[in-house]
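Have a look at the structure below before the remarks.
What follows is calculated from the coordinates using simple rules that are stated; it is not laboratory data. Small disclaimer: the values here were computed from a predicted structure and weren't measured. Note: ideal-geometry Cβ built from the backbone for every residue, glycine included; neighbour counts use all protein chains shown.
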Amino acid sequence: MCRNITTLRGLEPAATTAEIEAAARQYVRKVSGVQSTSAATTPAIERAIAKVSEATGELLATLPPRRRPPRGLPPSRRRAVEPTR
């Protein structure tokens, strides 16, 4: 599994659609080996991202709550809590 994909289950507030899509995009890029899309790959990649995002949203909505929050935060949330230099 791609180690850069952040655990989204148990976040407070709950994972946003943007966070779910970002995780789906990382997953699809990793398994497809396509890092930058072209006219030939864009439709297939975007369809896969939409399907993985939908499945992920359904999964997160149906799992029971976590007992403990995840260790890490999604990158978009890390920026909000990092100290400024």
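Couple of notes before you dig in:
- Output for segment 28-80, where each listed residue is among the basic types (Lys, Arg) and within 21 Å of residue 17 (Cβ to Cβ): 29, 30, 47, 51, 66, 77, 78, 79
- Among the residues of segment 22-52, those identified as more than 18 Å from residue 72 (Cβ to Cβ) and either in contact with a Ser or Thr (Cβ under 6 Å, 6 or more places away or on another chain) or of a type in the set (Gly, Ala, Ser) (or both) are 32, 33, 34, 36, 38, 39, 40, 44, 45, 48, 50.
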